1. Report the relative contact order of the range B:206-398, percent, no decimals, based on alpha-carbon pairs under 8 angstrom and at least 6 residues apart.
2. Sequence-distant or interchain residues sharing an amide H contact under 5 Å with residue B:414, placed H: which?
3. If I ignore ligands, DNA and RNA and count only protein heavy atoms, how much of residue B:255 is accessible to a 1.4 Å probe, in Å² to the nearest 10?
4. Skipping prolines and chain starts, which residues have an amide H placed within reach, meaning under 5 Å, of the one on residue B:409, given they are 5 or more residues away or on another chain?
5. What does the convex hull of the Cα atoms come to per residue for the range B:3-142, in Å³?
6. Please give the FRET efficiency for residue B:391 paired with residue A:328, using the beta carbon to beta carbon distance and R0 = 60 Å, rounded to the nearest 0.05.
7. Starting from the Cα gyration tensor of chain B, multiply each eigenvalue by 5, take the square root, and state the resulting semi-axes largest first in whole Å.
8. With charges set only on the Cβ (+1 for Lys and Arg, -1 for Asp and Glu), what does the dipole of the protein assembly as shown come to about its Cα centre, in debye to the nearest 20?
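The values are calculated or read from the model by the stated rules, or taken from the named source; none is laboratory data. Just so you know, these numbers come straight off a predicted model, no measurement behind them. For neighbour counting, all protein chains shown are included, and Cβ atoms are generated from backbone atoms with ideal geometry for every residue, glycine included. With ligands, DNA and RNA removed, areas are computed over all heavy atoms of the protein, side chains included. Shrake-Rupley method; radii C 1.70, N 1.55, O 1.52, S 1.80 Å.
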Amino acid sequence: MPPHPETWLRVTPEGLFCVPGGFHIDPLRPVARAVITHGHADHARPDHGAVLATPETLAVMRTRLGAARAGASQQPLRPGEALTERGVRLWLRPAGHILGSAQICLEWRGSRVVVSGDYKRQPDPTCAPFEPQPCDVFVTEATFALPVFRHPPPEREAAKLLHSLALFPERTHVVGCYALGKCQRLIRLLRAAGWDRPIHLHGALLGLCRLYEELGVALGPLLPATAADRAALRGAIVLAPPSAVADRWARRLAEPVVALASGWMRVRQRAKSRGVELPLVVSDHADWDGLLATIVEVGAPEVWVTHGRDDALVHALGQRGIRGRALHLVGLGEEDEGPEAAPAADAA
Amino acid sequence: MSLPAFAALLERLVFTPGRNAKLALLRDWFATQPDPDRGVGLAALTGELAFTAAKPALVRDLVAARTDPVLLALSHDYVGDFAETVALIWPEREGANAPPPGLAEVAEALELTPKAGLPALIAGWLDTLDAGGRLALIKLVTGGLRVGAAARLARTALAEWSGKPVEAIEEVWHGVAPPYLPLFAWLEGRGPRPDPRGAPVFRPLMLAHPLDDAEVAALDPAEWRAEWKWDGIRVQLAAGPGGRRIWSRGGEDVSAAFPEILEAMAFHAVLDGELLVIRDGAVAPFADLQQRLNRKLVPARLRRDVPVGVRLYDLLFEGEEDLRPLPFDARRRRLEAWAARARPARMDLSPQIAFASFAQLAAIRSGARAASIEGLMLKRADSPYVAGRVKGLWWKWKRDPLSIDAVLMYAQRGHGRRSSFYSDYTFGLWRPDGRGGEELVPVGKAYSGYTDQELAWLDRWIRAHTIARFGPVREVEKTLVLEVIFDAAQRSTRHKSGVALRFPRIARIRTDKPAGEADRLENLLAYVEDRPSDDA
Ligand SMILES: [Zn+2]
Ligand SMILES: [Zn+2]
């Protein structure tokens, strides 16, 4: 009888810890050995000792954190490769969340756990699609685990933005989007919809776009956006971090149409409270249907929920005869779409 | 595909703060949507299309049958609005690929379907729509579709789109019905102007320009007539064989809110006047009138406690005779003669004020402190009644605003363009705290009057002097004095201070004045007209 995953994968103050393997997954604080699902700030934190992740995630960490703080040593592991650490077999599978994002698959003495990190099931031209891996325990996020969250086709949201540009050709369309993943996905969506003019970028987005291009994700013509260029930015698309679009930075643009690309934009009050004129429901997280379909697909009899609306998800799993357990991991969900990440418009 | 298009329009209207952008969205709607859907959409936006067959409980039952109660409760809790929760949570069916209904189709089916058939009808539509479409449908069928000030805005958009003056559209508006096919045909140059005869028609009101004290000197008193400018809502009463209507200044039909006035309109005429709450012959504060606005049904208690009447200014039509080209003096004589004959209940004439010089009139104006009077109207004796604001015919001569020095207490971020600034200010005055000391009591809120530079300065000051935060509101140190001006002070039981200000705005930032020297509540109470005596 294989050991229950509870006996060898523990919740510690630093985050999930694989006891026999001696490593943490997405640890909150600096640890000796870390395995990282993807490069978002709430998962890939600085100053660990040895770091194992996909080559793309390691590259993202070096760009975001600087080489000196992206792990004392870095070990790349590609999806499809496997290694064995002190008796624990470890391999990665694409998570479909952002470039380089991976699920961490662990097997010890015949007992298998998959830690999904963040993931989505919608297609995304900037990263490899999610690959389900059957397991005994599936560790999932629950950012959008309420049945009101069902993300529409992203192409439709891109079309919404272009339609608005046609209606208001004199106004700058400034779109709030997270610098890593969402920004590049939006650019590809706009390119696919036929927008081949330059897309202007707030300074905070430039570095990661450059990295995506180096890693083989072509983004087309990009230009830095300075609010001083009021006239040049009329009728242009400007991408900026969510915190900048509600700020005075954006107000200096030519009659800006303030858009925000996020799964939260599905709820009107969320869009209104952030002063958004054009909400775009584009998310890099699985929606309600995506979460349930994935859990059914991996066939795990038990599901652990790291963060988000675990109450609703655990309830729905119970109705399907699946044991759900809320881990209440702290520190997750603080990237673009985490509920904590909606800083009040004033950054004073 | 027009219900989804209508839903997309609604969604953008809801999120778009700017009036010009809203107009652009509406123009695009009229230009791109086919008949009859664009007219049905127009009717839905302007509140002309009100369905009441489907009650919110019907929608509640439908969603309860299709969702888990725990998940529905959690979702409702998160989303807040129930209609929106239903729209978002409604389970989408694979293979439900019937096309979504057209707007006109929805309107027609709702009229024709017997009550028992409604649940299946609505559920079937919900299955074919996406979340935005579902929300629009739910709001439409339950009568919850409210787009602020949409009617006037929609007519302006029609004018801009078609090139016809908005006054011309308002003249025919109440003679056409959804889906407005003759109206669109006329606006597109494909048909004649719709003839509004028979039905009561809104005639655009004549408006006044503000007058500066300095400009008064140039006027010859013999050529001008003066009346009080009453602080109520301007209305037009139109009655005749075709029906009776009460219109607001923007041409909204507000008849339903004032049934007792409607009852009193047993005449054939079109009148201009001010709707006021009048108790025992005295005009009550505007705050009382507010309880009567925006109602479709008026409870008997409200009719009794907040009685309304109309103070008449002008006579536009007597029978079929159009008096608008006549000089003001002639119309006034006709009005007086008509009122003496018709003696309509709940109506009286706005008295004319005799004066020999403008100096004398100015003295009369500043002597009038009643909250129900905003100032004076000056009408040129020979002025015809013309639509809109024609310079040189009518002036409004508001009395000087009142002023207090108050202490800033709380600040809140504004909306739209100003949402990154703290632009809404709650201010207070001193009063005894009952323990031998002094305390500040909030007396009002102002969100205008300042310049851009003053706004930026206030924003910085507020951020640097915050002592507590409650959601979007900041409480600040009670050290900054603001000079606040306002049009009137009125008794109010709904305010902690017992007094409500009419249109307060910031006149000056008084960094020169210590907070301890700001005004006291009693200074403000001295401005209140009809102040009950202390032993009352
Ligand atoms: Zn992430
Ligand atoms: Zn995350």
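1. Numbers: 363 pairs, mean separation 64.8, N = 193.
With pairs under 8 Å counted, the relative contact order is 34 percent.
2. Result for residue B:414 returns B:421, B:423, B:424.
3. 10 Å²
4. B:426, B:427, B:428
5. Details: hull volume 15.8 nm³, N = 140.
Looking at the range B:3-142, the number lands at 113 Å³ per residue.
6. Values: r = 69 Å, r/R0 = 1.15.
Efficiency, rounded to the nearest 0.05: 0.30.
7. Values: eigenvalues 363, 259, 97 Å².
In descending order the semi-axes read 43, 36, 22 Å.
8. Working: 111 positive and 107 negative charges, 106 e Å.
Dipole about the Cα centre, nearest 20: 520 debye.
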